[in-house]
Amino acid sequence: MASAVRTGAAALVVALAVLALAGGGHAQLQYGFYKGKCNGSDVEAVVQGIVKARFARESPIVAYLLRMQFHECAVNGCDGGLLIDGPGTEKTAPPNLSVKGYDLIAAVKAELERRCPGVVSCSDIQILATRDAVALAGGPAYAVRTGRRDRRQSRASDVKLPAADYTAAQAVAYYAKLGLSAFDTVLLLGAHTVGATHCSAIKSSRLYRYGGKAGATDPGMDPTLASVYKKWVCPNVSSSDGNAVFLDDQWSALRVDNNYYKNLKRGRGVLLVDQNLYRDGSTRWIVDQLANNEGLFRSLFAQVLVKLSEVNVLTGAQGEIRKVCSKFN
């Protein structure tokens, strides 16, 4: 027992060290990049004010923005490609058809263009808005570096995102391509502490055809939860496919906290990829650490969001600063 505790502690130290090293990020990004560049306006305060007003009337915006940041940064980096309208763009790829929050980004951009035209990139607005929404939803407040520029490219064919039924190994392998570790993977999936999915995402994989067997329910799902889903939320009829399913307990589904990990330990993960994190021994210990320590989750969740925000960014003279986020200059 003592040996197991030492092993877990050592692994945690290694994970923390890796995260700390990765925090260096892209050399040309800077804290306070926009200070003195917006005709006397505080760019980050402008973003925060608009996000705060939106959050006050629509708190699910935190889930929309977290999802947008992942769908953005996981495809060619954090470059604003997801924001572009038009046929064949990233926005039109099937996994992105349900992404929300574009209107908030557009509103922030319009206000900043009014104050200082051609200065603030759409990709920076995405990262700043997500940061502010996370803090408003009870999550950690954290600093982000800015100075990103927007890419003049957006192709639906580039969009390859992880599936909701991935094994833990598949999820870790996917995130590794972004330069993220297994610990990072478990942390990023912790974004499922907010938001919802649809019955169509779990009916086949967990409720009625688990393992490809007709009528089979995932034996690893908490029986009470499975019963509620099957009877009330996601009955086995096609008309229930679009019904909403909270990714966390309903009382916690709009709060950024570590309840998501506590649910995995109880067999109450919603998506198969979520529950698989606890089924696999290589990631189970990470779930345990985050479930048992709210402070650890808050600190490391902030770090991994920063790490994700600096994946393959454009800086300096690369790309452009769009005038309107939904179209190239």
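One table, with the values for the structure above:
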read-out	value
Antiparallel bridges, percent of DSSP beta bridges restricted to the chain (to nearest 5)	90
Compactness of the stretch 86-133, expressed as Rg and Dmax over alpha-carbon positions, Å	12.4, 36
Acute angle (nearest 10 degrees) that the helix 122-136 long axis makes with the longest principal axis of the chain, alpha-carbon atoms	50
Degrees separating the helix 102-115 axis from the principal Cα axis of the chain, which is the longest one	20
Cα-only Debye scattering, the stretch 174-325: base-10 log of I(q)/I(0) at q = 0.11 Å⁻¹	-0.51
Convex hull projection area averaged over all views, the stretch 187-240, Cα basis, nm²	4.4
Formal net charge of residues neighbouring residue 35 (Cβ-Cβ distance under 15 Å; K, R +1; D, E -1)	0
Å² of accessible area per residue within the stretch 265-329, as computed with a 1.4 Å probe and no ligands counted	39
Volume of the Cα convex hull of the stretch 70-209, divided per residue and given in Å³	140
Under-5 Å amide H pairs with residue 196, H placed in peptide plane, nonlocal only	247
Computed over the stretch 19-115, Kirkwood Rh from alpha-carbon pairs, angstrom	15.4
Phi-based couplings in Hz for the stretch 169-182 (Karplus 6.51, -1.76, 1.60; Gly and Pro marked x)	4, 5, 5, 4, 5, 4, 5, 4, 5, 9, x, 10, 8, 4
C-alpha center-to-center spacing [the stretch 286-329, the stretch 113-182] in angstrom	5
Proximal lysines relative to residue 323, as straight alpha-carbon distance under 29 Å, when same-chain residues fewer than 8 apart are discounted	35, 37, 52, 91, 100, 109, 160, 307
Per-residue SASA entry for residue 68, accessible area with 1.4 Å probe, Å² rounded to 10	0
Calculated from backbone phi, Karplus (6.51, -1.76, 1.60) coupling profile of the stretch 190-205 in Hz, x at Gly/Pro	x, 4, 6, 5, 10, x, 8, 10, 10, 4, 4, 7, 10, 4, 7, 6
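The values are calculated or read from the model by the stated rules, or taken from the named source; none is laboratory data. Model, not experiment: these values are computed from the prediction. In this analysis, Cβ positions are derived from the backbone assuming ideal geometry, glycine residues included, and neighbour counts consider all displayed protein chains. In case anyone asks, the SASA skips ligands and DNA or RNA and just uses the protein heavy atoms, side chains included. Shrake-Rupley method; radii C 1.70, N 1.55, O 1.52, S 1.80 Å.
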